[in-house]
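The next block holds one structure in the form of structure tokens; read it before the comments.
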Amino acid sequence: MRLWLNQLNSAIPDNLNEPADLALYELESAFPGISFDLCEQASMGDGYRIELLNGETGRLTGGKTGLLYGAYRFIMDRLCGSGYSSPVSSAPKYALRMVNCWDNADGEIERGYAGQSLFFRNGRLDYDRDRIRMLGRLLASAGLNVLCINNVNVHFPAQLLLEDYLPDLSVLANLFRPFGVRLMVSVDFSQPMRHGIPTADPLDPAVRDWWRMTAERVYAAIPDLAGFLVKADSEGRPGPFTYGRNHAEGANMLAEALKPFGGVVIWRCFVYNCRQDWRDTKTDRPKAAWEHYAFLDGEFADNVILQVKHGPFDFQVREPLSPLLLGMKKTKLAMELQLAQEYTGHQIDLYTMIPMWKELYEELPADNIMSLAAVSNLGNDENYTGHPLAAVNLYTYGLLAWDPSVDAAFAVTRWCRLTYGFTPDQEQALVSLLLSSRRIYEKYTAPLGIGWMITPHDHYGPNPSGYEYDLWGTYHKADRNAVGIDRTHTGTGYLDQYPEWFRKKYENPGTCPDLYLLFYHRLPYDFRMQDGRTLIQRIYDDHFEGLEETRSLADKLLSLPFPEPDSDVIRDRMNRQLYNAREWCDIINTFFHRLSGIPDDKGRIIYD
Ligand code: GCV
């Protein structure tokens, strides 16, 4: 098993209590020939400045945690071959660089593809301290600093993290503290009702008191807890709507309780009707978040951050940027990404995400948000991410959260070098395979932004009509003539939620970027794409190409000298990806061929 920074000591001592102690330990054990002078300047926070004087003395200046980030930066730069002829300074763009684990107390992970939880077993906090320290190193070296360890769907007994399990949680917080990682807890909005209070109404004085007292207790045990993460009124979770209150009233009530302790409320905006009747053509699910939140812009307390999924649906391979991220100018926002490959191959198929994140930032001014969050792809598999190459997503996410202008190829190259130490040719081959993997996956799955043609619930493999007559609002409405939903002004009006520059880019099917075409438009199969091909031909071509490119990716990937046991795991997963790509290609092509009756103009095999 190879993790990035495997060049460092595999044991991290138990007795290093401060980030500066850890920084010194990591530096001195990585480079015994260099003596380091660490100078703490509190005002620098997470920022640092590194100098290498005459090659033998290093001087590191930084805030309390900045010293640690500086140490890892120096170590990684040197391992990647940087000379340090002049000083290097850096500070993160976002103060909160968050990882959200969807771990349940029984040890299962919702949408987890790397084994069981690293934190919970049998309903209790129960973990391997060495693995937690190793995780601390991985997170800190990637620049990540907030870890929410429990699922946003708070199933009993996870509520006890704020109650009987609080002492255990505090021990875990102590373990992460030297790594600059602060814990966060997902909370159940109805939790006061476990304590004899008949309501969870956010305006009820008894409810407010309960949360105030709870915050006091929690912060007495964990003074640097980052705050609470909340999924409310979403997919059956309790929330303010039950009491006729809006989400500003709900979030602000918790914010008031956390305020004296410097905690934040991270309030998720994943609210939509998950009991939709497929016959209902008035409701268009992507419009939901805007309808629930846009009118509340400016109403949230200053320690509330709205956490918005990057797209209006749910982590499909291609979705537009959520309109909330462009529209809520008076509200603190975090963008939520998903490292767990729920819809993107379950950490079986290769899928490197940073090219997609960089596309989001082409339309998202980095200052529109003040934080990034990502759903974790971690588990207790030996390599932490199931597929050894899925770790690139955790590492590059950290680099992006530190500096959204980071170059995708630079970030991926750095991960490859720190993990495998290949020759330059091998490294270049791996980097280019990783960078192409997202587009390849996109080609063989649901076409041109339409999404959702995936096996319901499990979300791996094709089932083009699996969600078509279901409750989730995720319809493509393919018939014998056309496919897609018109989301322009004359259709569902979804595009009206965006600023004019954005609308103009997508509203006309003749000029809409082709990869988003079926997200915004309903089009006949003989519609002419900008490149002259018909829509149906483009669908066939993409799918055949996606399968071919997967085959070529497999050949190239499997010729690289991965060490054991990575090579076995990679080979096994690659074979499963090949099977999956073929299923997707044939089923999607057959689906559209049967409906449209239009043959492939290149005469390739479509199974009818
Ligand atoms: C944690 C999707 C997933 C759910 C997840 C939810 C969310 O619906 O399938 O497993 O629940 O998103 O983000 O809250």
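The values are calculated or read from the model by the stated rules, or taken from the named source; none is laboratory data. This structure is a prediction, so every number in the text was calculated from the model and none was measured. All Cβ positions, even for glycine, are placed from backbone atoms using ideal geometry, and neighbour counts span all protein chains on display. Areas reflect the complete protein model, heavy atoms only, side chains present, ligands, DNA and RNA absent. Shrake-Rupley method; radii C 1.70, N 1.55, O 1.52, S 1.80 Å.
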Amide N proximity, segment 303-319 versus E291 label position 7 Å along Cα-to-Cβ, cut-off under 17 Å
312-314
Could you name the lysines whose alpha carbon sits less than 29 Å from that of K93, not counting residues in the same chain fewer than 8 places away?
K64, K231, K259, K309, K329, K330, K332, K358, K505
For segment 346-470, the percent of accessible surface on carbon and sulfur atoms (probe 1.4 angstrom, ligands and nucleic acids excluded) is 52 percent
Points 7 angstrom from Cα along the Cβ direction at S567 and R131: gap in nanometres?
2.6 nm
If I take every Cα pair under 8 Å that is 6 or more residues apart in segment 492-608, average their sequence separation and divide by the length, what percent do I get for the relative contact order?
19 percent
Low-density loop chymotrypsin sites (Phe, Trp or Tyr not before Pro), segment 478-553, at most 14 other Cβ within 10 Å, DSSP non-H/G/I/E/B, are none
Ordering 162-173, 315-326 by per-residue average of other C-beta atoms within 10 angstrom, highest first, gives 315-326, 162-173
Would you give the gap between the C-alpha center of segment 20-35 and the C-alpha center of segment 414-454, rounded to a whole Å?
34 Å
So, by mean Cβ neighbours within 10 angstrom, what's the order for 256-268, 195-207 with the highest one leading?
256-268, 195-207
In whole angstrom, how far apart do the alpha carbon centroids of segment 151-167 and segment 511-548 sit?
47 Å
Below 8 Å, C-alpha to C-alpha, sequence gap of six or more: please give me the relative contact order for segment 9-73 in percent.
34 percent
Rounded to the nearest 0.05, FRET efficiency between Q530 and K504 (Cβ-Cβ, R0 22 Å) equals 0.90
Place the peptides 575-582, 410-417 in order of packing, highest mean first, counting for every residue the other Cβ atoms within 10 Å and averaging per peptide.
410-417, 575-582
Using a 1.4 angstrom probe, figure out how much accessible area the chain has per residue, in square angstrom, rounded to the nearest whole.
37 Å²
Quick calc, E362 & K477: beta-carbon distance into FRET formula, R0 25 Å, rounding 0.05, result 0.30
Label-point separation, E51 to Y579 (7 Å along Cα→Cβ), nm:
6.0 nm
State the Cα centre-to-centre distance between segment 247-279 and segment 65-110 in whole Å.
28 Å
Nearest 500 deg cm²/dmol is fine: what mean residue ellipticity at 222 nm does the chain get from its DSSP H runs of n ≥ 4 alone, each adding -39,500 (n - 2.57), divided by its residue count?
-11000 deg cm²/dmol
So which lysines pass the test for K477, namely a Cα distance under 19 Å, with those fewer than 8 places away in the same chain ruled out?
K282, K287
Share of segment 142-228's accessible area from carbon and sulfur, percent, 1.4 Å?
58 percent
Given axes a ≥ b ≥ c from the Cα gyration tensor, I'd like to know whether the chain is rounded (a/c under 1.5), prolate (a/b larger than b/c) or oblate.
oblate
In terms of modelled amide H atoms, which long-range or inter-chain residues lie less than 5 Å from the amide H of V375?
N100, L337, Q338, L339, A340
Relative contact order (%) - criterion: Cα under 8 Å, at least six apart; region: the chain:
13 percent
What distance in nm lies between label points placed 7 Å from Cα along the C-beta direction at R194 and D496?
4.4 nm
